[in-house]
Amino acid sequence: MGVRRLTAADHAGVLEMFGEETDHYYFLIDDLKWNGYAGEQFRVFGEFGHDGRLESLLLNNFNNLTYYSPVEREPEVYRHILGQLSFSKISGPDRLVQRLSQLIPAPQSTLSFMGVVKQALPPGHQPAGIAGADTIASKEELREQYRLLLSTEEYTGLSGDEEAYVSREWSRINSSSDRTVYLRVDGRMVASASTFHEREHSALITGVVTHPAFRNQGYAAKVLAELFHLLLQEGKYPYLFYTNPAARSVYLRAGMEEIFPWRVAFL
């Protein structure tokens, strides 16, 4: 039946298309629903078969293009609409980006991995001096987290000064469902992990950090496990994107299931 632009009325058909892979893609499905399948810089197109069922999807979200099909098929049917879209990169599971790149040459790309957490690990025993995880709920806690981030090599280039960071993050956590969970050891904040783009069924995980003096003691895995437990209790699947083998090891210990390689190709 061809290709047409999708609307919120197509949501049930989108869920049917994702089928058994739905829990691998809730972060994408939630984004479709949250944006109402519409917007000047948010356009969704679908390929329909002769039986009227949705067979593939093409999402143009701001400067990004993502293609999905549950089976091996060529995205050739979308060639005629590519000129209507605005994008500078393609992202998605490696196998699907490779197929779309046959229509759109992308000379540079990066490869990472994506994982999801479907089941929370049971809470572990708390050694002496270690408190259970807490959620940041004050500006003073944000100041502590800022100093924790600056203690690591990964965040040495953190933009803005302490008060600018506190102001920005305070606004974010009070205007969204996003949160940061942290651990203390003997009263000191030593590890934290955050979410962004929390939606109805999903949350992306970011900012997983442990103070250098407290590494290799399981604190990152513990703070993640507690954050995962909170999210799953609320019906939200945590999703992680990563390249670092050490980070992968921590995520697996905290309950993550590795799903597939994730590629971002740049035009």
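Is there any pair with a first residue in region 158-172 that is at positive phi and a second that is in a helix (DSSP H, G or I) whose Cβ atoms are under 9 Å apart and which are 6 or more apart or on different chains, and what are they?
Sorted first by the residue in region 158-172, then by its partner, the pairs are GLY160/SER167; GLY160/ARG168.
Residue check, TYR155 against (1) of a type outside the set (D, E, K, R); (2) over 24 Å from LEU232 (Cα atoms); (3) modelled with pLDDT of 90 or more; (4) open to solvent by 30 Å² or more (accessible area, probe 1.4 Å), all met but one. Which one?
(3)
May I ask you to list pairs of residues, at least six apart or on different chains, whose Cβ atoms are under 6 Å apart, with the first in region 121-150 being assigned to a loop (DSSP other than H, G, I, E, B) and the second being acidic (Asp, Glu) and modelled with pLDDT of 65 or more?
GLY129/ASP186; ALA133/GLU226
Is it fair to say ALA254 is crowded, with 21+ Cβ neighbours inside 10 Å, closer than 28 Å to GLU20 by Cβ and over 16 Å from the mean Cα position of the chain (by Cα)? Step through it out loud before you land on a result.
Values: crowded, with 21+ Cβ neighbours inside 10 Å: yes; closer than 28 Å to GLU20 by Cβ: yes; over 16 Å from the mean Cα position of the chain (by Cα): yes.
Yes, satisfied.
Do you know which residues across region 81-91 are closer than 22 Å to GLY2 by Cβ and either in a strand (DSSP E or B) or among the hydrophobic types (A, V, I, L, M, F, W, C) (or both)?
Result: ILE81, LEU82, LEU85, PHE87.
Got a sec? Which of ALA203, ALA191 is closer than 21 Å to PHE113 by Cβ and either touching a Phe, Trp or Tyr at 6+ places or on another chain (Cβ under 7 Å) or at pLDDT 95 or above (or both)?
The match here is ALA203.
Would you tally the residues in region 158-202 being under 15 Å from LEU231 (Cβ atoms), touching a strand residue (DSSP E or B) at 6+ places or on another chain (Cβ under 9 Å) and part of a loop (DSSP other than H, G, I, E, B)?
Total satisfying the criteria: 7.
Considering (1) modelled with pLDDT under 95; (2) surrounded by fewer than 18 Cβ atoms within 10 Å (Cβ to Cβ), say which one THR135 fails and leave the rest.
With respect to (1) modelled with pLDDT under 95; (2) surrounded by fewer than 18 Cβ atoms within 10 Å (Cβ to Cβ), THR135 is out only on (1).
Every residue, every condition in (1) farther than 21 Å from PHE241 by Cα; (2) open to solvent by 10 Å² or more (accessible area, probe 1.4 Å); (3) among the hydroxyl-bearing types (Ser, Thr, Tyr), yes or no:
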site: GLY46; (1), (2), (3): yes, no, no
site: GLY52; (1), (2), (3): yes, yes, no
site: LEU59; (1), (2), (3): no, no, no
site: TYR67; (1), (2), (3): no, no, yes
site: GLU72; (1), (2), (3): yes, yes, no
site: GLU76; (1), (2), (3): yes, yes, no
site: ARG79; (1), (2), (3): yes, yes, no
site: LEU82; (1), (2), (3): yes, yes, no
site: SER88; (1), (2), (3): no, yes, yes
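Quick check on my filter: what residues within region 11-25 are in a helix (DSSP H, G or I), closer than 23 Å to GLU72 by Cβ and either among the charged types (D, E, K, R) or open to solvent by less than 50 Å² (accessible area, probe 1.4 Å) (or both)?
Those that are in a helix (DSSP H, G or I), closer than 23 Å to GLU72 by Cβ and either among the charged types (D, E, K, R) or open to solvent by less than 50 Å² (accessible area, probe 1.4 Å) (or both): GLY13, VAL14, GLU16, MET17, PHE18, GLY19, GLU20, GLU21, THR22, ASP23, HIS24.
Residue-by-condition table, conditions (1) among the aromatic types (Phe, Trp, Tyr); (2) out of contact with any helix residue (DSSP H, G or I) (no Cβ under 9 Å at 6 or more places or on another chain); (3) more than 29 Å from VAL117 (Cα to Cα):
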site: PHE18; (1), (2), (3): yes, no, no
site: LEU32; (1), (2), (3): no, no, no
site: GLN41; (1), (2), (3): no, yes, yes
site: ASP51; (1), (2), (3): no, yes, yes
site: LEU58; (1), (2), (3): no, no, no
site: ASN63; (1), (2), (3): no, yes, no
site: ARG73; (1), (2), (3): no, no, no
site: ILE90; (1), (2), (3): no, no, no
site: GLN98; (1), (2), (3): no, yes, no
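How many of the residues in region 226-247 are in contact with a Leu (Cβ under 9 Å, 6 or more places away or on another chain), open to solvent by 60 Å² or more (accessible area, probe 1.4 Å) and farther than 13 Å from LEU121 by Cβ?
2
The values are calculated or read from the model by the stated rules, or taken from the named source; none is laboratory data. The shown structure was predicted, so the numbers you read here are calculated from the model rather than taken from an experiment. Every residue, glycine among them, receives a Cβ derived from its backbone with ideal geometry; neighbour counts consider all protein chains shown. Keep in mind that these areas ignore ligands, DNA and RNA; they rest on the heavy atoms of the full protein, side chains included. Shrake-Rupley method; radii C 1.70, N 1.55, O 1.52, S 1.80 Å.
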